[in-house]
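All remarks here apply to the structure that follows.
The values are calculated or read from the model by the stated rules, or taken from the named source; none is laboratory data. Keep in mind it's a predicted model, so treat the numbers as computed, not measured. A quick note on method: Cβ atoms are made from the backbone with ideal geometry, for glycine too, and the neighbour counts reach across all protein chains shown.
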Amino acid sequence: MAASEEEVLIKVIAAALNPIDYARMMGDYTRLRCWWRSGKVKVGDGVKKLKVGDEVYGCLNGRLEAPKKHGSLAEYSIAEERELALKPSNLSFVEAASLPLAIGTAHGALHTVGLSQGQSILVLGASKIAATCRSSTGKVERVRRLGAELPIDYTKQNFEHLSEKFDVVFDTVGEGERAMKGVKEGGKVISIVPHASAANAIVYILYVFEGNVLDKLSPFLETEKVKPVLDPNTPFPFYQTLEAFSYLQTRRATGKVVIYPIP
């Protein structure tokens, strides 16, 4: 496997999984992605900012013109330099692999809606400011420790019935029509899942990854203002990859599931 002039050959050390990857394995989608990864590099002649041996992280952005480059569950992977960033030295490879797509999507969503200081945001299926989360006291408390001011156990309480409405509702789980019931008049609903029935009312983001976003966010990671959230069972060794996917299917994961080490 060789890198072209503007590409980087990566020795993959860790790769994170996403629930959608299980659906792809079962044939519901065309390609297995496993986007997030971290590793060490060799570079093409046209690469400018990275050098051989650098520790990097990033994700494959799924561009249609290069389907052969989907996926990170491999000993080696190729990426364009623009898709990568230097791994912060305070992060392990496991922590670094858990971050790129999640942190990039969150950044892209907040940038898109122009969230300002003092505004309120409800995140469906996540854990910032106000959040809905799965049942159990432990999970609710964990969400609170992560910074949510109003954790909502959606098995016991409907956020639509709250007297408080929010400036922004960020839907990460495909609840667009319900999300519209939680937003203030004049507020915004943003989603990572397309909604045909509410297409004109919801801002849909399709995140295309660029490494410069990670460069921009590195100071927050280096000062631990933003921290990776790993599932307690992480990491899974490479030979237990199928078990890791099965675990994702149970929906019991409370953080990112990472495969490490990759031989």
If you scan the stretch 217-263, which residues turn out to be hydroxyl-bearing (Ser, Thr, Tyr) and not in a loop (DSSP other than H, G, I, E, B)?
-> Ser218, Tyr239, Thr241, Ser246, Tyr247
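Among what's in the stretch 160-175 and is part of a strand (DSSP E or B) and charged (D, E, K, R), pick the residue that is nearest to Ala109 (Cα to Cα).
Kept after step one, since they are part of a strand (DSSP E or B), are these residues of the stretch 160-175: 166-171.
Filter once more, so that each one left must be charged (D, E, K, R): 167, 171.
Working: Asp167: 14, Asp171: 10 Å.
Here the answer is Asp171.
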Can you name the condition, by its number, that Ile202 falls short on among (1) surrounded by fewer than 18 Cβ atoms within 10 Å (Cβ to Cβ); (2) more than 18 Å from the chain's Cα centre (by Cα)?
-> (1)
Requiring at least 3 residues that are modelled with pLDDT of 70 or more, farther than 22 Å from Ala15 by Cα and of a type in the set (D, E, K, R), the helices (runs of 4 or more DSSP H) wholly within the stretch 44-153 are 137-145
